[in-house]
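The values are calculated or read from the model by the stated rules, or taken from the named source; none is laboratory data. Since we're looking at a predicted model, the values are computed, not measured. Cβ: placed from backbone, ideal geometry, glycine included. Neighbour counts: every protein chain shown. Accessible surface areas use protein heavy atoms only, side chains included; no ligands, DNA or RNA. Shrake-Rupley method; radii C 1.70, N 1.55, O 1.52, S 1.80 Å.
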Amino acid sequence: MGHTQRGTKGLPSSDCAIIEEAQRLTLGALPLEGKLKKLCALMGRFTGFDHCLLYLWDADKRAFVLRASSGGNYPLRRNPAPLSYGEGTGAASMVKRRKKPLELVRKGQDELFRAGRGKGFADVGLEGFSSAVIHPLTAANVFYGVIYLKSAAIIRLSEQRRRVLNIVALQMTETVKCAEFASDIHAEHEELVEARARLLNSQKLLSLGDMAATLAHEIRNPLLSIGGYAARLKIHLDGDCKAIAYVNSMLGGVQRVERLMDGMVGFLKDSVVELRPEDMNDIVAEAVRVFEEEAGERGIELVKDLQEGRLPVMADRDQLKIAFDNIIVNAIQSMDKGGRLSVSTSKSGADVVVRVADSGGGIEPGILDRIFNPFFTTKKRGTGLGLPITSAIVARHLGSIVVDNAAGVGATFIMKFKFVDAKNAEGKG
Amino acid sequence: MKKRILVVDDEEGLRLLYKEELEDEGWDVVLASSGEESLQRMEESGVDLVLLDIKMPGMDGVEVLRRVKEKWKDLPVVLCTAYPHYKRDFGTWASDAYVIKSSDLTELKQTLKDILGKRH
């Protein structure tokens, strides 16, 4: 054929078809991974490169992460494509810096890898290849990542191909941008769902608090009567009289119910948190200190691993200490033959994370969903209020608590709180 | 001279229990079953301390406390209740001590001793 058929914008119709297909994929209903993979395949097919990869820039990790690829089954054995490139490494970083595409072609017998090195970067992903094109994905000055094309054969792109590649890259950027947008919305939605669950939970606890208040009054008075007169009765009984045992039993029972009432009103008494700027490390260290001696006596190795520096949070110090106490007490009680108790703090994104891990055999899976229920207990003399109180306190700090349970090994309680920058916290206390 | 304590509680059983226990400690005890009655007792006979229940029908303990502090600024008042959250109530801040009802009366007696001891 003497000439190719021309489509819109002076491009050959085969190129127009590529752009249309990219358009169709971008707008289609495929899940993101599928879309990106198909776009990679399309790009490879169109340019003739035998391997097309998509590396997206992850601003949190400060690295390029491989998100999709197509091709890559070459006759020759080569290094597998790197799954990620750290900041400043590889050809992708070069493109990020230059903000324009990079085209590499082997000269003579020289390897592309060495050619790259000559240009001021080393990229193991280029080893054994003869040509490569690394094209940036940018939109409105935001850098999203690169399309990375490589081939065992020498391929030089025509000006026209470059234009088409640029258009498809733009479409790919749109796809990524939309997906990111959707994932932001999704994350916000999740956050709302979580907040709602917390709210419902705190409402539940609030009504429990009301009930505790009523019960406290209705039960404490008669208890005081029973216990108080039993104690007086005891004074009037002979020391070796059999009835002394009966009275003691009555007194023991009364005290037990009173302790239970104390725990119940704990919900009520502390239903208001007074949040001030605090250092989570400081609170955790103080909570742990109380148990150092007891842990030692019980043959428990107490490991404290606190994140370096300060971990600013808005917190009610006394209440958080109660929350941590309850978990640490449980952990210690679960290790009656000694073990390892590790308490750690760390920062993860916008969260301050506190972990309490024990080697006490973990929680029986069958009861795992009930451990935060008020009055549920496996202990002979437990009130079943320790974990519900902890969970209530954490909720009042707008935090979260989960259990990572390894049945037969140990349990880890993971609590997350919002990291509050000291500057923002000022003046709020 | 024996110190005189006025016990105010709407439950008869508790009034008698306090009376016996506090008399055993060597104090004189006067009883009142309501807020109104307690003010009357204070008018009639001099008391050294008031042990006051908060939740009572009619005039409650917080109101009694307010009136006592208006009239006899220095008369110590110990609030005694099943409700720990009253501690957050501004109305109760004027009290000299706050004791949560418990069948173990040790804490209550110690509190009374501390306050009466200061006022020789």
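Some values worked out for this structure:
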| item | result |
| --- | --- |
| Considering residues of segment A:323-358 that are in contact (Cβ under 8 Å) with a residue 60 or more places away in the chain and in a loop (DSSP other than H, G, I, E, B) only, the residue surrounded by the most Cβ atoms within 10 Å (Cβ to Cβ) | A:ALA350 |
| Hits in segment A:279-317 - residues which are of a type in the set (D, E, K, R) and either open to solvent by less than 10 Å² (accessible area, probe 1.4 Å) or free of Cβ contacts under 8 Å to residues at least 40 places away in the same chain (or both) | A:ASP279, A:ASP282, A:GLU286, A:ARG289, A:GLU292, A:GLU293, A:GLU294, A:GLU297, A:GLU308 |
| Residue within segment A:374-394 that is in the same structural domain as A:ALA285 (by TED's automatic domain parsing), in contact (Cβ under 8 Å) with a residue 24 or more places away in the chain and among the aromatic types (Phe, Trp, Tyr) present | no |
| Those residues of segment B:20-38 which are touching a residue at least 24 places away in the same chain (Cβ under 8 Å) and farther than 12 Å from B:VAL7 by Cα, in sequence order | B:GLU25, B:GLY26 |
| Test: residue in segment A:292-299 that is closer than 16 Å to A:MET415 by Cβ and of a type in the set (Gly, Ala, Ser) | no |
| Subset of segment A:138-190 [of a type in the set (Phe, Trp, Tyr) and at pLDDT 85 or above] | A:PHE143, A:TYR144, A:TYR148 |
| Scope segment A:209-259; condition open to solvent by 80 Å² or more (accessible area, probe 1.4 Å) and within 15 Å of B:LEU14 (Cβ to Cβ); matching residues | A:GLU218, A:ILE226 |
| Checking A:LEU53 against (1) modelled with pLDDT of 90 or more; (2) farther than 15 Å from A:SER131 by Cβ; (3) open to solvent by less than 20 Å² (accessible area, probe 1.4 Å), the condition it does not meet | (2) |
| All positions within segment A:359-370 that are touching a residue at least 40 places away in the same chain (Cβ under 8 Å) and either closer than 25 Å to A:PHE419 by Cα or of a type in the set (A, V, I, L, M, F, W, C) (or both) | A:ILE363 |
| Test: residue in segment A:369-380 that is open to solvent by 50 Å² or more (accessible area, probe 1.4 Å), among the hydroxyl-bearing types (Ser, Thr, Tyr) and closer than 30 Å to A:MET261 by Cβ | yes |
| Of the criteria (1) open to solvent by 20 Å² or more (accessible area, probe 1.4 Å); (2) in a helix (DSSP H, G or I), which one B:ASP10 fails | (2) |
| Filter result (open to solvent by 30 Å² or more (accessible area, probe 1.4 Å), of a type in the set (A, V, I, L, M, F, W, C) and in a loop (DSSP other than H, G, I, E, B)) within segment A:9-50 | A:ALA29, A:LEU30 |
| Filter result for B:GLU36 (exposed (fewer than 15 other Cβ atoms within 10 Å of the Cβ) and either modelled with pLDDT under 90 or not polar (S, T, N, Q) (or both)) | yes |
| Residue list for segment A:251-263, restricted to those being within 11 Å of chain B (Cβ to nearest Cβ) and either at pLDDT 90 or above or in contact with a helix residue (DSSP H, G or I) (Cβ under 8 Å, 6 or more places away or on another chain) (or both) | A:LEU251, A:VAL254, A:GLN255, A:VAL257, A:GLU258, A:MET261 |
| Residue in segment B:39-51 that is under 21 Å from B:GLN110 (Cβ atoms), within 13 Å of chain A (Cβ to nearest Cβ) and free of Cβ contacts under 8 Å to residues at least 60 places away in the same chain present | no |
| A:THR412 vs. criteria at pLDDT below 90 and either among the hydroxyl-bearing types (Ser, Thr, Tyr) or under 14 Å from the mean Cα position of the chain (by Cα) (or both) | no |
| Pairs where the first residue, in segment B:96-109, is facing another protein chain (nearest Cβ under 10 Å) and open to solvent by 30 Å² or more (accessible area, probe 1.4 Å) and the second is assigned to a strand (DSSP E or B) and not β-branched (Val, Ile, Thr), C-beta under 9 Å, 6+ apart | B:ILE100/B:CYS80 |
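Residues are listed down the side, and each one gets a yes or a no for (1) in contact with a helix residue (DSSP H, G or I) (Cβ under 7 Å, 6 or more places away or on another chain); (2) modelled with pLDDT under 80; (3) facing another protein chain (nearest Cβ under 10 Å):
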{"site": "A:GLN203", "(1), (2), (3)": "no, yes, no"}
{"site": "A:SER207", "(1), (2), (3)": "no, yes, no"}
{"site": "A:ILE226", "(1), (2), (3)": "yes, no, yes"}
{"site": "A:ALA231", "(1), (2), (3)": "yes, no, yes"}
{"site": "A:LYS234", "(1), (2), (3)": "yes, no, no"}
{"site": "A:ALA245", "(1), (2), (3)": "no, no, no"}
{"site": "A:SER249", "(1), (2), (3)": "no, no, no"}
